[in-house]
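The values are calculated or read from the model by the stated rules, or taken from the named source; none is laboratory data. In this text, all values refer to a predicted model and were calculated from it rather than measured experimentally. Methodologically, a virtual Cβ is constructed for each residue, glycine included, from the backbone with ideal geometry; neighbour enumeration extends over all protein chains shown. Areas reflect the complete protein model, heavy atoms only, side chains present, ligands, DNA and RNA absent. Shrake-Rupley method; radii C 1.70, N 1.55, O 1.52, S 1.80 Å.
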Amino acid sequence: MTLHLVKLCVGADSAESLQAWIDYRVEQARLAGLPEETTHTTRMVPTRKDELLDGGSLYWVIKGKIQARQHLLDIRPFTDEAGIKRCDLVMEPRLILTRYQPKRPFQGWRYLKVDEAPADMRVAGEAASMPDAMRRDLTELCLL
């Protein structure tokens with residue numbers, strides 16, 4: 001059964017700025033001859049790895065709302081130089097915009113059940129190509 005993760009996105013003001021950061025990191029990896037993958041390092045290692053890798057995604061909370069997700073490709077546990085166990089969440093380098101869903105602040109990541117995850121924005125007929133500020137305003141007015 002598929003399971004997702006949800007995590008606060010620190011430092012991004014919008015899904016567009018997160019995508020720009022992802023693009024920058026992928027380009028830097030390409031120039032350095034490293035694999036062109038997106039990773040996020042976290043201290044806690046998910047114990048439900050099989051469920052997460054069965055079509056799961058990492059949902060990003062930006063400015064108090066889930067706004068986007070990235071498909072999880074792998075979970076790689078490791079021990080850092082200080083002897084602390086960590087893991088890399090390996091994801092597709094493409095964000096998928098979701099409908100906004102309010103989320104209160106929390107630390108680390110949390111599991112997110114499939115039935116609790118926000119739906120993806122449909123590309124045709126919805127606001128996926130709309131600027132983030134406009135999409136946010138229309139959502140707050142309950143027009144999206």
Hypothetical label at His40: residues of the range 81-101 whose amide nitrogen lies under 17 Å (7 Å Cα-Cβ projection):
86-101
Nitroxide proxy distance, nm - points 7 Å out along Cα→Cβ at Asp74 and Thr47
2.5
Nearest 10 degrees is fine. How inclined is helix 15-31 to the longest principal axis of the chain, computing both from alpha carbons?
40
Student exercise: in the chain, how many lysine pairs 8 or more apart or on different chains have Cα atoms under 23 Å apart?
13
Quick check: net charge around Leu72, other residues with Cβ under 12 Å of its Cβ, Lys/Arg +1 and Asp/Glu -1?
-2
Please report the antiparallel percentage of DSSP beta bridges with both residues in the chain, rounded to the nearest 5.
90
Put one equal scatterer on each alpha carbon of the chain, apply the Debye formula with no solvent term, and list log10 I(q)/I(0) at q = 0.21 1/Å to two decimals.
-1.41
State, as an integer percentage, the relative contact order of the range 30-129 based on alpha-carbon contacts under 8 Å between residues 6 or more apart.
27
Give me the accessible area of Val45, 1.4 Å probe, in Å² rounded to the nearest 10.
50
Can you compute the helix-only [θ] at 222 nm over the chain? Use -39500 (n - 2.57) per DSSP H run of at least 4 residues, normalise by all residues, nearest 500 deg cm²/dmol.
-6000 deg cm²/dmol
